[in-house]
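All remarks here apply to the structure that follows.
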Amino acid sequence: MLLNILIGFGVAFFGFVLQTSVAGVNRKIIARLQKRYGPKWYQEFLDIFKLLSKRATSHGWIFDFGVIMALGGIIATAMFMPLTNNIVAFAGYDNFFIFVYLIAVGMLGMAMSASGSGNPYASIGVMRALTTMLAYEVPFMVIVLTIIKLTGFSSLQAIAIAQQASGANWFLIALPLGGVVGIICLMGMLGKKPFETYIAPAEIASGPMVEYGGKQLGMLFIMHEITVFIEVSLFVHLFLGGAENIFIFLAKYFAVYTVVNLISNVNGRLKIDQVVKFYYKWPLIMAVTQAIIAIYFGWVI
Amino acid sequence: MKSTKFTPARKLSKEEVDRKWWEIGDFFRRNSLWMLMYCTGCCAIELPPAMTSAYDMERLGMGPMATPRQADILLISGYLSVKSLRRVIYTYEQMGEPKYVVGLGSCPINGGIYHDSHAVINQLDQYIPVDTYVAGCMPNTESVMNGFVDLMEQIRNKTANGWVKYKENYEWYKKNQKAALGEVIIHDEFHE
Amino acid sequence: MASIEILILILVASGILSYFLSKLNTTAGSILTIFSTMFVFASLAYYGFNDALVTTVNYLPGFSFEFTYLGAYFAIIVAFVYSMVSFFHPYFVEKYQYKNAYNMLFLLSLAGVLGAFFTDNFLQLFFFFELIVWTTMFLIPLGKSKSAAVSYFGFSAAGSFAMLFGIFVMFKEVGSFDITAGLASLSGTNAVLVFISFLIAGFAKLGVFPLHIWLPVAHGNAPHPFSPVLSGALVKLGAFVAVLALVRISPASSVISAISLPYAHYIVALLGSLSIVFGTLMAIREDDAKKLLAYSSMSHGGYIIVAFSLLDSVAFAGGFYHILAHALASAGAFMAIAAVARQTGTTKMSEMGGIIHKMPITYIVYLVAIISMAGIPPMGGFISKWLIFQAVIDKGLIFITIAVFFGSIGSFLYVFRPLAALFLGQEFPQFKKIKEAPILMLLPMIIITLLNIYTGVLPNAILGFINKINVEVGYAPMVIDSPAFTLTGYNGVLHPLLIAGIFGFGVVVAFIIFILLKKSRQVSLMDTYTAANFIHTEELLHYSVDFYAPLERLYEKYTTKMTDFYDGLANKVKELGKLAKYLFMSKYVEVAIFWIVAILAFLLWGEL
């Protein structure tokens, strides 16, 4: 059991280092697209450590406690994530629903501490984050329902191994409509434009992060990096067939994050009711159609 | 013959440990400066060229941030009227330490072209401590970038201590602020 | 006391005794209530878990009781909620208009509950049902409004009479009022009629769409210590009747082969999912904290109906566990709001703010309760929702999946609103002097919080008991404890103790990172980012009115459709009555005599 906990903590730490580096490299790629040089590839690390070294202001015990609960919840979620077919801390217990709901604990902690700062912009930002979550979760859950029904497992590692079996395709190809819905919902989950409503720096002064500085903001940045790691890995295991060894995992991870980042960089930001209306129109219709086709007619590529 | 007695390493005193901590912090702080997007006067027009493709500020690690709690640099870009000075002082006191102030243009130095106006202050240094000035009316974008690099050099040499000076000479700053403004935090926000 | 009948008699006797005792001193009457409910709960729990409850009847003629695991499970949960809530009575009862009768009605309704869950005869079930409805009907108007009782009684009476109709149809076919034997031998159209009428009774008591209008009115306007009982305990009566209808009557219609469910059960599941969606949407708009929790009860009632209509042993386990988890979470949340209402005098969220700084323990109680209500690990609500998800996904029901997940995510929205608008945010100056709730009110709230955590971390003891209920109603028991401390669903294994343990480990790691860094500078709440504007009034910086305004704007045109429908129905019945009065009872005597003669002639036509 102790070995499992250490492997889990190693996975969480590896995820943090991986995502921070990939985010830095992506900033350089976007800068080159815009004909400028861009920051160093380890710039995100410098940002986080600079924040951890400043003296911050605090508004009471709930302000600090919420941040601790948020970071703790996300580290706990990352410890369950499988990396490859062989590296997983708690084999058989990495249920899909644990990831979705433990991320919700993290978000609840951050929401509690943001509202506890007393700034109305923070509460508005949390309201927009929750409304966006209501929008993108439902089509995503319908697609995951299809995947779980087709493979018969809800453990991430088992779904990944089922796609690697000979004769089976990745679910991005086998369920094409579902793959498109998956990418759109991934963009909502990561909070990338056009669904970046909950931060919206120009409109609501960066939303929930308005009163944070110093170590609380640094811990929230760490939480954000690990959350992005969990969500992109979720997509890699569910739709791209997992990975047999670590290099294939790194390649697939980098490809997914870069593609999503490139799409989001050419879009503007939607309003919050436009986000809800968007997700409940075409993504939901495509997801339900895909589910009916795959479950009741059995037409899987 | 040299003594072979083992001499243990000298234990660091509390100030030295604190200083070493600040030194490591200085490397991170000078390579990742975040500025508050607070544009007080005309010199703010020099910021968009500094942020975009020609004179890319992001390769120095700098970037804009939305609120004073998150930012490191307070950029006073241009002249400060009496009304704006009250808000600038409130914002400066809300920022987290260590914090730096950069004065763009000639107006923070000696009043610039508004030096004889009744509603504009002349010397910013009397009211909040300034670390770097960039002279010009308005300065070239290359001068602005030069000013930022200068601030990073000052952080490396540990001479960017405006925030320490503010804490140590707090009464002197408050006396100057009261003499110029009357009261800093006003209670009737609709009639100044 | 090991005998059910003695327990009921003790409750009736202490009810009458507390009436006379309250005339002398109200607090003494409330303390008697506390002792008698605790005694009843302790005996039920001790003898019920050891299968040692005695069912012989010595004193009440014509009554007969039967011990079933199903009835025992419901009765223990309801008795627990009653006994915890009774601790609130010494602080609240003085302010009501008929304070002497409050405790008596409370104890009599608990006696009715015990009788209803342990009976084996349908007429007795109807008698105890009506006893509960009548005693609670007199308790509700002691709160804010008297018309709430009318709405509550109207829907409950409609449910009770539908159940009576179903009982008589069953008696006509089978010949006896016995519960188990009678329901098992129904067939044909009689089965469908009894199914529908029992479902109407169950829906009316549970507050499921389309019979949900009375829920926000009754729960929102009931006296503050009675709302936890209404929402946590009394709606479970409806769940009991629904279980009788859905599970015990052999399939009442033909089966859809693609999903292996009968038509009737699929339609019931659809009604349950509509209840989930509408309850969530209406709760998101509410400003009054108690009405919001009432709509949340409607949504959870929908979950229970969906779980029981799936005819699957994992779904049944999920439904029974959800009854327990929802009772605890709802009681905890309502009790926290009652404590706040006692200290501040209002339950509207737009008038309060920053209560956490003066009542931190109440905040923790409310936080744990809503984490369980939203179905987030490591609390009990996650276990039941996971089991329901397993069953729904295994059967491949797409539209019910959409509703179930929508309700699950939507519940984050409406449970967060009291947290942000009522407990957090800016402190209002008129509430700067309030104090924490008294220790006797904190004690039951802390017990319920600990139980919320226990049901989420170590569920296998309770699931073992639920497996016995599964076997009793004729379905296979769920697989638990293989390996130890885990639950096995259809496509995955859940280890709740591991999740809670790793969550604790993560929080410890985050805490260590936090402690090692520089200490923060403490500032007051009003020293916040306002783009450097100087603001000195707290109301301008507190965000609580129209919290979810952009989302509400998308559907606010459709929110009164059901109440308008029922108002229209009531108007049509009144018009029918006026028509009958005009035709048959006009002021001329000759018209009445004409109609009497005509009807008699029509009825006797064949005889002449």
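FYI, it's all coordinate maths here, none of it is from the lab. Nothing here was measured: the structure is a model prediction, and the numbers come from that model. Every residue, glycine as well, gets a Cβ built from its backbone with ideal geometry; the counts of neighbours run over all protein chains shown.
Among all stretches of chain B without exposed trypsin sites (Lys or Arg not before Pro) (DSSP loop, at most 15 other Cβ atoms within 10 Å), which one is longest?
In chain B, the maximal stretch lacking such sites is B:12-157.
Please list, by residue number, every one of the trypsin sites (Lys or Arg not before Pro) in the range A:270-301 that is coil in DSSP and has at most 15 other beta-carbon atoms within 10 Å.
Sparse-neighbourhood loop trypsin sites (Lys or Arg not before Pro): A:Lys271, A:Lys281.
Placing +1 on the Cβ of each Lys and Arg and -1 on the Cβ of each Asp and Glu in the protein assembly as shown, which of C:Phe49, B:Ser32, A:Phe14 has its Cα farthest towards the positive end of the resulting dipole?
B:Ser32
5 Å is the cut-off here: which amide hydrogens, built 1.01 Å from N in the peptide plane, fall below it relative to C:Val479, excluding neighbours closer than 5 in sequence?
C:Thr488
Any idea what the dipole of chain C comes to, in debye rounded to 20, about its Cα centre with Lys/Arg Cβ at +1 and Asp/Glu Cβ at -1?
Using Cβ point charges on Lys, Arg, Asp and Glu, chain C gives about 1240 debye.
By how many degrees, between 0 and 90 and to the nearest 10, does the Cα long axis of helix A:43-52 differ from the longest principal axis of chain A?
50
Per residue, how big is the convex hull of the range C:190-327 when only Cα atoms are used? Give it in Å³.
On the way: hull volume 13.0 nm³, N = 138.
Dividing the Cα hull volume of the range C:190-327 by its residue count gives 94 Å³.
Tilt of helix B:141-156 relative to the longest C-alpha principal axis of chain B, in degrees (0 to 90, nearest 10)?
Taking Cα atoms only, the helix is inclined about 40 degrees.
Starting from the amide H of B:Leu80, placed 1.01 Å from N in the peptide plane, find each other amide H under 5 Å away whose residue is 5 or more places distant or on another chain.
When sequence neighbours closer than 5 places are left aside, the close amide H contacts are B:Ile121.
Could you work out the relative contact order of chain A? I mean the mean sequence separation of Cα pairs under 8 Å and 6+ apart, divided by the number of residues, in percent. Working shown, then result.
Details: 454 pairs, mean separation 81.3, N = 301.
For chain A, the relative contact order is 27 percent.
Got a sec? Charge dipole of the range B:60-113, +1 on Cβ for Lys and Arg, -1 for Asp and Glu; which of B:Gly78, B:Gly103, B:Gly63 is way out at the positive end?
The residue sitting farthest along the positive end of the dipole is B:Gly78.
Would you give the gap between the C-alpha center of the range C:258-284 and the C-alpha center of the range C:534-608, rounded to a whole Å?
The range C:258-284 and the range C:534-608 have Cα centres separated by 26 Å.
Could you order the peptides C:447-458, C:79-90, A:257-268 from most to least packed, using the average number of other C-beta atoms within 10 Å per residue? Intermediate values should be presented prior to the final figure.
On the way: C:447-458: 19.7, C:79-90: 25.0, A:257-268: 15.1.
Sorting C:447-458, C:79-90, A:257-268 by mean packing, highest first, produces C:79-90, C:447-458, A:257-268.
Please work out the C-alpha center-to-center distance from the range C:199-226 to the range C:379-395 and express it in whole Å.
Measuring centre to centre over Cα atoms gives 25 Å.
For every other residue with a beta carbon closer than 11 angstrom to the beta carbon of A:Lys149, add +1 if it is Lys or Arg and -1 if Asp or Glu, then tell me the sum. Can you show the working numbers first?
Values: positive: C:Lys395; negative: C:Asp394.
That works out to 0.
Can you give the Rg/Rh ratio of the protein assembly as shown, where Rg is from the C-alpha atoms and Rh is the Kirkwood radius? Before the final figure, lay out the partial values.
Details: Rg = 33.5 Å, Rh = 32.4 Å.
Taking Rh as the inverse mean 1/r over Cα pairs, Rg/Rh reads 1.03.
Could you list A:Tyr279, B:Tyr166, B:Tyr127, C:Tyr98 in order of exposure, starting from the residue whose Cβ has the fewest other Cβ atoms within 10 Å? Don't jump to the answer; show the numbers that get you there.
Details: A:Tyr279 24, B:Tyr166 18, B:Tyr127 21, C:Tyr98 14.
The order, fewest Cβ neighbours first, is C:Tyr98, B:Tyr166, B:Tyr127, A:Tyr279.
How would you rank C:His326, A:His224, going from fewest to most other Cβ atoms within 10 Å of each one's own Cβ?
Numbers: C:His326 28, A:His224 20.
By the 10 Å Cβ count, ascending, the order reads A:His224, C:His326.
Under the rule a/c < 1.5 gives rounded, and otherwise a/b versus b/c splits prolate from oblate, where does the range C:560-603 land using the Cα gyration tensor? List each step's numbers first, then the result.
On the way: a/c = 8.98, a/b = 2.74, b/c = 3.27.
Oblate.
Spelling out what I want: for every residue of the range A:287-301, take phi, set θ = phi - 60°, compute 6.51 cos²θ - 1.76 cosθ + 1.60 (Karplus), and round to whole Hz; glycine and proline get x.
5, 5, 4, 4, 5, 5, 5, 6, 7, 8, 9, x, 8, 10, 6
Treating the beta-carbon of each Lys and Arg as +1 and of each Asp and Glu as -1, no other charges, what is the dipole magnitude of chain A about its Cα centre, to the nearest 20 debye?
Working: 19 positive and 12 negative charges, 180 e Å.
It works out to roughly 860 debye.
Got the relative contact order for chain B handy, in percent, Cα pairs under 8 Å and 6 or more residues apart? Present the calculation step by step, with values, prior to reporting the outcome.
Details: 278 pairs, mean separation 37.0, N = 192.
Across chain B, relative contact order equals 19 percent.
Sort B:His187, C:His357 so that the residue with the fewest other Cβ atoms within 10 Å of its own Cβ comes first and the one with the most comes last. Please report the intermediate quantities before stating the final value.
Working: B:His187 7, C:His357 18.
The fewest-first ordering by Cβ neighbours comes to B:His187, C:His357.
Give the shape of the range A:100-186 as rounded, prolate or oblate, defined through the alpha-carbon gyration tensor: a ≥ b ≥ c are the square roots of its eigenvalues, a/c under 1.5 means rounded, and otherwise the shape is prolate if a/b is larger than b/c and oblate if not. Write down the numbers at each step before the final one.
Values: a/c = 4.02, a/b = 2.51, b/c = 1.60.
Judged from the Cα gyration tensor, the range A:100-186 comes out prolate (a/c at least 1.5, a/b above b/c).
Do any chymotrypsin sites (Phe, Trp or Tyr not before Pro) in the range C:545-608 lie in a loop, going by DSSP, with at most 13 other beta-carbon atoms within 10 Å of their beta carbon, and if so which?
Working: sites: C:Phe547, C:Tyr548, C:Tyr555, C:Tyr558, C:Phe565, C:Tyr566, C:Tyr582, C:Phe584, C:Tyr588, C:Phe594, C:Trp595, C:Phe602, C:Trp605; in loops: C:Phe547, C:Tyr548, C:Tyr588, C:Trp605.
Passing both the DSSP loop test and the Cβ count: C:Tyr588, C:Trp605.
If you count, for each residue, the other Cβ atoms within 10 Å and average over each peptide, how do A:185-192, A:59-66 line up from highest to lowest?
Numbers: A:185-192: 21.4, A:59-66: 19.8.
Per-residue mean Cβ counts within 10 Å order the peptides as A:185-192, A:59-66.
Through the Karplus equation 6.51 cos²θ - 1.76 cosθ + 1.60, θ set to phi - 60°, convert the phi angles of the range C:278-284 into ³J(HN,Hα) values in whole Hz; use x for Gly and Pro.
Calculated HN-Hα couplings, in order: 5, x, 4, 5, 6, 5, 5 Hz.
Which ³J(HN,Hα) values in Hz, rounded to whole numbers, follow from the phi angles of the range A:128-137 under the Karplus curve 6.51 cos²θ - 1.76 cosθ + 1.60, where θ = phi - 60° and Gly and Pro get x?
Listing the rounded values in order: 5, 5, 5, 5, 4, 5, 4, 6, 8, 6 Hz.
Cross-link partners among lysines for A:Lys271, C-alpha distance below 23 Å, same-chain residues fewer than 8 apart left out?
Answer for A:Lys271, where 23 Å is the Cα cut-off: A:Lys192, A:Lys193, A:Lys281, C:Lys557, listed by chain and number.
Hey, how many Å between the Cα centroid of the range C:51-98 and the Cα centroid of the range C:483-529?
After rounding, the separation between the Cα centres reads 39 Å.
For the range C:253-494, what relative contact order do you get, as a whole percent, if you take Cα pairs closer than 8 Å and at least 6 residues apart? Walk me through the intermediate numbers first.
Values: 370 pairs, mean separation 59.0, N = 242.
Relative contact order, the range C:253-494: 24 percent.
When you look at the Cβ of every residue in C:447-453, what mean number of other chain Cβ atoms sits within 10 Å? The partial results should precede the final answer.
Details: counts 0, 0, 0, 0, 0, 0, 0.
Whole-number average of other-chain Cβ neighbours for C:447-453 is 0.
Which angle between 0 and 90 degrees, to the nearest 10, do you get for helix B:82-94 versus the longest principal axis of chain B when only C-alpha atoms count?
Tilt of helix B:82-94: around 20 degrees.
Projected onto the charge dipole of chain C (+1 at Lys/Arg Cβ, -1 at Asp/Glu Cβ, origin at the Cα centre), which of C:Thr344, C:Ala289, C:Tyr414 gives the Cα projection farthest towards the positive end?
Going by the charge dipole, the pick is C:Thr344.
Given Cβ point charges of +1 (Lys, Arg) and -1 (Asp, Glu) and nothing else, what value in debye, to the nearest 20, does the dipole of the range C:469-592 about its Cα centre take? The partial results should precede the final answer.
On the way: 11 positive and 12 negative charges, 37 e Å.
Dipole magnitude for the range C:469-592 comes out near 180 debye.
With no solvent and one equal point scatterer placed on each C-alpha of the range B:32-181, evaluate the Debye formula and give log10 I(q)/I(0) for q = 0.08, 0.09, 0.10, 0.15 Å⁻¹, two decimals.
-0.20, -0.25, -0.31, -0.73
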